[in-house]
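Notes to accompany the following structure.
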Amino acid sequence: MYTGRILSIGMNSEGKPFAAYRVSSRSFPNRQCLKFDERASVVPVEGFEKDVFKSIYIAYNCLHIVGDMAIISNGSQTDVIADKIALGMNIKDALAYSLLTMDYEKDDYNTPRIAGVVNSAESEDEYECYIGIVNDSKILVEKVPYGKAAFISTYGSQVPDPVDFTAKTATESAKFIFDEGTFAEYEKPVTSCAAVFDGEWTIDVYNP
C-alpha cells in the first residue's frame, strides 16, 4: 500500500523521546537525507539536482533540533515551526500556526503537510509531544500521550495512529521507519532520518 510521506513521534519502547521521518515517493524517488549537527535535510541525489525546478516541494529540512525539542515534518514548515519555538511559542501553537499559515502543498495531489514536535523532558509533568496535519479540508493538531508513539502519513488515514516504535537509537530508528515493523507494509520508501534523545539528541539518516 502506498501511503506517501510518513512521520512518527513520541517515546520509543525504552521510554526515550524520538522523531522519525520517511520519504516515500512515486514521482521523485532520486532523493537522499543528509545529516548535520542539529538538522537533517532531504535533497536530490547527485545527477538529479535539476528536479528542484520541477517541484518546489522535494527539497527541505525535515528534522530540526531546537534546544530540548525535535521538530519533524515533510516540508519547509519544519523551519517555520523551529523559528516559532525558538521565539518562545509553545509546541501546540507553533504547530497549529505553521500548518494553518502554510496550508497544504499546491501540487497535483494537494499533498497534506504533516509535522510533529517532541521535547526531551523525562518527567510526565514537563513532557510534551504533538503531531499535526493540514490537508485541503481540515487542520488537526493532537497530543501524543506520555510514553506513547504515533505516526501519520500524507495519503494514508491522515489521522495519528498509535505505533509500537521498538528502535532504540537514531540509527536503528531511521532504518525502522524505512521498512521495519508497521512501516514495512508501506510501499516505495526512498530515504529516512531520525533523532533520539538519550542524554542528548542524536541524529542519523538511512539511504539504501
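The values are calculated or read from the model by the stated rules, or taken from the named source; none is laboratory data. All values reported here derive from a predicted model rather than from experimental measurement. Note that each Cβ is placed from the backbone with ideal geometry, even for glycine, and that neighbours are counted across all protein chains shown. Surface accessibility is based on the protein's heavy atoms, side chains included, excluding ligands, DNA and RNA. Shrake-Rupley method; radii C 1.70, N 1.55, O 1.52, S 1.80 Å.
Of note:
- Think of region 5-206 as having a plus end and a minus end, set by charges on the Cβ of Lys, Arg, Asp and Glu; of I6, S27, Y206, S27 sits farthest toward the positive end of this dipole.
- Per-pair calculated FRET efficiency, R0 = 22 Å: E185 and K148 via Cβ, rounded to 0.05: 0.65
- Fully extended contour minus Cα-Cα distance, from S55 to Y2, at 0.36 nm per residue: 17.1 nm
- Fluctuation leader among F53, F28, F36 - the chain, Gaussian network, Cα springs under 10 angstrom: F53
- Per residue, region 5-206 exposes 44 Å² of accessible surface when a 1.4 Å probe is rolled over the protein heavy atoms with every protein chain present.
- Semi-axis lengths (Å, descending) of the ellipsoid that matches the C-alpha gyration tensor of region 5-206: 23, 19, 16
- For the chain, calculated [θ]222 nm from helices alone, where every DSSP H run of n ≥ 4 adds -39500 (n - 2.57): -4500 deg cm²/dmol
- Region 172-208 residues near the modelled E14 label - backbone nitrogen below 16 Å, point 7 Å along Cα→Cβ: 172-177, 194-204
- Pairwise Lys count, the chain - Cα closer than 19 Å, eight or more residues apart or different chains: 15
- In this structure the amide hydrogen of V163, modeled in the peptide plane, comes within under 5 Å of the amide hydrogens of A149, A150, F151, none closer than 5 places in sequence on its chain.
- Counting only Cβ charges, +1 for Lys and Arg and -1 for Asp and Glu, the dipole size of the chain around its Cα centre is about 620 debye.
- These residues, E200, E142, go from largest to smallest accessible area, 1.4 Å probe, as E200, E142.
- Taking all Cα pairs closer than 8 Å and separated by 6 or more residues, the relative contact order of region 5-206 comes to 28 percent.
- Positive-pole candidate from P17, M69, S153, dipole of the chain, charges at beta carbon: S153
- Ligands, DNA and RNA excluded, the heavy atoms of I6 present near 0 Å² of accessible surface to a 1.4 Å solvent probe.
- R39 accessible area, 1.4 Å probe, all protein chains in place, Å² to nearest 10: 80 Å²
- Using heavy atoms of the protein chains and a probe of 1.4 Å, the accessible area assigned to K16 is about 40 Å².
- Measuring nothing but protein heavy atoms, the accessible surface of the chain at 1.4 Å probe radius is 48 percent carbon and sulfur.
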